[in-house]
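A short write-up of the structure that comes next.
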Amino acid sequence: MGLPKYPTPLGKFQVQYKDIDHYSKQFNGPMPYSVFFTTTGVAFHQGSLKVKSHGCVHLSHAAAVTFYNSLHPGDVVEVVP
């Protein structure tokens, strides 16, 4: 989940788009297996489970692959604390 300065939005959202090898220019970092669920660039993606994000939801590699393969634009997702 996100740092205090970059809280992860909670609630129900629609998947906007996916990018298997996205790179964040804003935060200068890779976001593999991204499933974007806001129009402001917040996504589920592979990332450290020990480090807080800039608002995204970090997932293990296996979970990120599952999310990426299972979710499609228009699907409804719910982010809870």
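Okay, here's what the table says:
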| read-out | value |
| --- | --- |
| Scan of the range 47-81 for residues that are among the small types (Gly, Ala, Ser) and surrounded by 11 or more Cβ atoms within 10 Å (Cβ to Cβ), ordered by number | Gly47, Ser53, Gly55, Ser60, Ala63, Ala64 |
| Options His54, His45, His22: the member that is touching a Ser or Thr at 6+ places or on another chain (Cβ under 9 Å) and farther than 16 Å from Val79 by Cβ | His22 |
| Leading residue by the ranking (surrounded by the fewest Cβ atoms within 10 Å (Cβ to Cβ)) among those in the range 14-46 that are at negative phi and small (Gly, Ala, Ser) | Gly29 |
| Strands (runs of 3 or more DSSP E) lying entirely in the chain (those with 1 or more residues that are in contact with a Leu (Cβ under 9 Å, 6 or more places away or on another chain) and not charged (D, E, K, R)) | 29-36, 43-46, 57-59, 76-79 |
| Subset of the range 1-12 [over 12 Å from the mean Cα position of the chain (by Cα) and either surrounded by 15 or more Cβ atoms within 10 Å (Cβ to Cβ) or not hydrophobic (A, V, I, L, M, F, W, C) (or both)] | Pro4, Lys5, Tyr6, Pro7, Gly11, Lys12 |
| Checking Phe27 against (1) without any contact (Cβ under 8 Å) to a residue 40 or more places away in the chain; (2) over 16 Å from Leu3 (Cα atoms), the condition it does not meet | (2) |
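The numbers here are math on the coordinates, done by the rules we state, and not lab data. Here the structure is a predicted model, which is why all the values come from computation and not from measurement. In this analysis, Cβ positions are derived from the backbone assuming ideal geometry, glycine residues included, and neighbour counts consider all displayed protein chains.
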